[in-house]
Amino acid sequence: MKTPLLTCLLAFGCHAALTAQQLKAPDSLRPSTAPVLPPAAAPATTPATTPATTEIDKLAEEAQKALFKSVDKAGGAAATTPGKTDGVQYTPYAPTTNSMRLPAQRMEDPSLWAKDSVRKIAVMEVAFGGARETVMIELYPNDAPQTVNHFIDLCDSGFYNGLAFHRAIENFLVQTGDPLTADESARLKWGTGGEDKTIPAEIKLPHRVGAVAMARRSDKVNPERRSNGSQFYVALGNYSALEGKYTVFGQVVSGLETFQRISIMPVDANDCPVARIEIKSMKVITQKGPMQVPAISSGEGRRFMKPDAARSMVSRFFHRVW
């Protein structure tokens, strides 16, 4: 819940940063191939880097940190106000005392995976609110082979490292993967990148809380529903409007609460977080057997231990020593 002080801070920071910059871009500046999920509002221009802007950025970052901490104190759950976003009706995710237990695609507990099982896990390091957190996503090569192979290639090449989350909608989704987000001065075009290559649709799996799917352009210009070359989103609710229309290729198995926090961060008129939320690294590892839960885990909302394959050499050494 946002306190009055925080509300004032957000209002001051966002108002000062956006008021003079919310004129819609001319049609000639709007790319006609913008990926949609659902259609985003017209981009807002980015203010030039000035001392005043730098101070506003600091205010936005401080507000993000305060909100981040307030969510932690509240138990990590986002607000649950039902709503309508960009004309798409959806059923919001309503946290309960059991909310952090993920309704995974295959309803499997990662700590109970078979000892002889072999799975592909994308390990993402996210930096925001003055903290860095690890999120793990199970990939589904059997259900979306072309999509997963392409995604792994991008991760292996370091493509996602340094990219920002350019869309955050409370109780709905968070979205990233646009190569243009590596450049803060290109905010005008954020959300329109990644079209150099598209991937054939592999629409098979349903959307669930924590489902990971590829973004794409609208049916009007993309009747085959081919996926965007790199942008993807994490679903934070169940909504029939998206079913059968987007390629789901993975499921969050640890760190869902991180995405829930991101979804309630202060955003501008285009649902883009005001303070930068960045993917520091993303790599795909092979997980053999069950994932381990730290001894301090309370069961609900537990985070699994990062596999050795996802650790640096120094980290592996100290993990084994201690």
| field | Residue count, the range 148-191 (criterion: in a helix (DSSP H, G or I) and closer than 16 Å to residue 213 by Cα) | value | 7
| request: Please determine, by comparing only the residues of the range 162-188 that are among the small types (Gly, Ala, Ser) and open to solvent by 10 Å² or more (accessible area, probe 1.4 Å), which one is farthest from residue 271 (Cα to Cα). | output: 162
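Residues are listed down the side, and each one gets a yes or a no for (1) modelled with pLDDT under 95; (2) over 19 Å from residue 242 (Cβ atoms); (3) open to solvent by 10 Å² or more (accessible area, probe 1.4 Å); (4) of a type outside the set (A, V, I, L, M, F, W, C):
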{"position": "139", "(1), (2), (3), (4)": "no, yes, no, no"}
{"position": "143", "(1), (2), (3), (4)": "no, no, yes, yes"}
{"position": "149", "(1), (2), (3), (4)": "no, yes, yes, yes"}
{"position": "152", "(1), (2), (3), (4)": "no, yes, yes, no"}
{"position": "157", "(1), (2), (3), (4)": "no, yes, yes, yes"}
{"position": "160", "(1), (2), (3), (4)": "no, yes, no, yes"}
| query | Which residue, of 216, 226, is open to solvent by less than 40 Å² (accessible area, probe 1.4 Å) and in contact (Cβ under 8 Å) with a residue 12 or more places away in the chain? | reply | 216
| query | Going through the range 120-137 one residue at a time, which ones are open to solvent by less than 10 Å² (accessible area, probe 1.4 Å), under 22 Å from residue 293 (Cα atoms) and under 15 Å from the mean Cα position of the chain (by Cα)? | reply | 122, 123, 124, 126, 135, 136, 137
| note | Here the residues within the range 212-226 that are under 17 Å from residue 173 (Cα atoms) and either hydroxyl-bearing (Ser, Thr, Tyr) or in a strand (DSSP E or B) (or both) are 212, 213, 214, 215, 216
| residue 246 passes all but one of (1) within 17 Å of residue 168 (Cα to Cα); (2) assigned to a loop (DSSP other than H, G, I, E, B); which number fails? | (1)
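The values are calculated or read from the model by the stated rules, or taken from the named source; none is laboratory data. No experiment lies behind these values; they were computed from the predicted model shown. We place every Cβ from the backbone using ideal geometry, glycine too, and count neighbours over all the protein chains shown. Accessible surface areas use protein heavy atoms only, side chains included; no ligands, DNA or RNA. Shrake-Rupley method; radii C 1.70, N 1.55, O 1.52, S 1.80 Å.
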